[in-house]
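Just below is one structure, and these are the notes that go with it.
Every read-out reported here was derived from the displayed coordinates using simple, explicitly stated rules and does not represent laboratory data. Keep in mind that what you see is a predicted model, and the values were worked out from it rather than measured. Using ideal geometry, Cβ is built from the backbone for each residue, glycine included, and neighbour counts are taken over all protein chains shown.
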Amino acid sequence: MAGDGLPSYSALSELAARVLKPGRLCVAYCGKAWLPDHFDRLAEHLEYVWTGAIFLPGRHTVFRRKMIFGRWRPVAFFSAGTYDVRTTIVDALMAEGRGEKAPGDHPWQQTVGPFARLVEMAARPGELVLDPFLGSGTTALACLATGRRFLGCDIDPGAVSLALERIASYERGEIEIQVPAIHEPGPSVACGGRRGMSSTTSRARCELPTSSMLVP
């Protein structure tokens, strides 16, 4: 049923507020169909920082009832209390590949490249990243590729097994991670406003968190 995953965003907000250091980020993938509700749930215990976008070059989501051809995925940045600005956040990234999944892939498996950039922007080398919606281990691979420590969990034992297999494959050199390039910004205009929040990466069928990234 549509919207069944909304409580997961409330649970993510509560967990992030409890485990994050003050000002640190919670980064989450969200679904466009329920985006206002996802943001409301995350804001229950966190402060809004920013909204990012992952552009999808291959297969896209078709919302037939509204005749919308979706070609990007929202990323929510929230923080535990007032955002502690420690690095530059680039709010638009391109996903690699064409969106096709192999037979053994997780149903909601995400491409690793954008996660690697999000990890770099949210955590410094050696810091710990937590993903309570582990899925197939995309955030874990992003952390390995960028020199961050990682802790993850999932209620699905099959997903945990798949994540462990992918981590082992990466360590054997069988998985290549393409990190999307970030174009350096040119001259810009400074804008006033509230300082931000943190981000959580979530996995969803537009409703369920696919994966969440917390930087304690």
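The gain in end-to-end length when the Arg65 to Leu151 segment is fully stretched comes to 27.1 nm, 0.36 nm per residue minus the alpha carbon separation.
Label sites at Thr51 and Glu174, each approximated as a point 7 angstrom past Cα along Cα to Cβ, lie 4.1 nm apart.
Taking other C-beta atoms within 10 Å as the exposure proxy, Val119, Val27 rank Val119, Val27 from fewest upward.
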